[in-house]
Amino acid sequence: MDDSQGKETRPASMEDQEISSSSIATTVAVPTIPTDITITILSKLPVKSLLRFRCVSRDWRAMIDSKRLIELQLDEVKRKKNLSFVVETTKELHFFDANDMLFHLRKDELWLGVPAPPQGSVQSETRLSVLSWCDGLCCLAANVSLITGGRCPIIYQIANPCTRSSVKLPESHLSKPTICQIVRDSVSGAYKLLVIEKHPDFSCEILTIGTNVSWRKLAGAYGSDQPLLQMAAVCGATHWIYRPNFYSTTLHAAEDSSALIVAFDIGDETFRTIPYPLRVLPDENLDFVAEFRGSLCLLHFDVADQKMEFWVLKDYASSVWSRHHSVRFELLRRTVDCCSMRAAYMGTTGDEKIVFMVRLMERPDEDDHEVYIFAFYLWEELTISYCPDRRTFRLEKRRVAEDLKSELSLGIETLACVGHDATEVKTPHDFL
């Protein structure tokens, strides 16, 4: 007979039960994902999802608000090849991706407590307008224009429409800026607002967003004779084209060149110039500088030969240019029928496409008396992307006269922060 059959079954002791429970817990335990890997995974998600995940716990909120995740998400969205646009109307911002509406937002949702018009003004008008974009941040301005004339300071506010956060800046002493750009210091990661006004020389002010409580005046500034949609940021500086001949009464009017490229060092907050490529006659309406794979590039348009030359600044320190290639640009044929054709840099996407806008002003057919009398000129706006590797152009968006009541910008959705003093706007919006 088996001895086990005659033995009584002993109930499990408390110690045995604890050991058994511990073994089971060890077996079914879920492994913990390292924080660095979690942040990398989250950085690839849409902003809409990340904003929702901030409500999971305090740890998740701190992780999503961390500087590392914000920078990784910004790098990730910049690498994407798909284009997104922001259409600015009088009262709203509309965000589109591949012509589909992503979300829209009223400007007054981003603006808290718009100041009343100055005392003593009989009539006034307050307008909210977006002056520049950078890394998903926009510079929103409240310009109180007085019917009686005079100079009135512009009040700026930096906002991230995706996160509904904003910070209001102190009043600037410059009322009619020709340049107003958000720039980013690549070393510190801080954002600054650069404002330049031609009155009568180039007056310049700058402010570090979220840090400074007052504007700093800068000397030696350069202006621009046409609006800048975007500046080319390379090697810690931002760049644009300056034409001395366009200005007759400024400090830089005597410079012996038909065009120069201005470099503003964001960290040092100083101005300098880079010469144009030798033997290149600038086109004052079409040429622009762009950033491509960490290098400063010049897109020069030769209207006579109907071609575009792609120049790369191979040696940034010594200002050595190299013509990379030349390609035909068929759109230049239309200059014969246009009274004006202007190009403006919009940005570089996916480390692959340089996006720019071409505005055309055409003279209507004289036989169409109704159009000819009431609308002497008709505008057409073309958004074009250029792929330097393939040397091909692509029409991304075309807008005609009736669509040009709104402004078009290249947009990205980011978690970029506007400073510790930012106000988070709570709105019952389905985007959140």
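Please treat every number below as a calculation from the coordinates, not as lab data. All of these numbers come straight from a predicted model, not from anything done at the bench. FYI the Cβ positions are ideal-geometry reconstructions off the backbone, even for glycines, and counts take in every protein chain you see.
Odds and ends about this structure:
- Database remark: amide H of Phe202 closer than 5 angstrom to the amide H of Leu251 (H placed geometrically; neighbours at sequence offset of 5 or more, or on other chains; Pro and chain starts carry no H).
- With the cut-off at under 19 Å, measuring from each backbone N in region 388-420 to a point 7 Å along the Cα-to-Cβ line of Cys339 picks out 400-405.
- Calculated FRET value between Gln306 and Trp60, using beta carbons and R₀ = 60 Å, to 0.05: 0.60
- Between Arg279 and Lys314, residue separation times 0.36 nm minus the direct Cα-Cα distance comes to 10.9 nm.
- Those lysines that a straight Cα-Cα span of less than 21 Å connects to Lys353, excepting residues fewer than 8 apart in one chain: Lys44, Lys78, Lys80, Lys81, Lys307, Lys314, Lys397
- Using θ = phi - 60° and Karplus 6.51 cos²θ - 1.76 cosθ + 1.60, couplings along region 388-402 (whole Hz; Gly, Pro as x): x, 5, 8, 6, 10, 9, 9, 7, 8, 7, 10, 10, 10, 3, 6
- Here the simple spin-label model places points 7 Å from the Cα toward Cβ, and for Lys67 and Asn99 these points are separated by 4.3 nm.
- Simple rule: put +1 on each Lys or Arg Cβ and -1 on each Asp or Glu Cβ in region 295-361, find the dipole, and look at Cys338, Val320, Thr348; the Cα lying farthest toward the positive end is Cys338.
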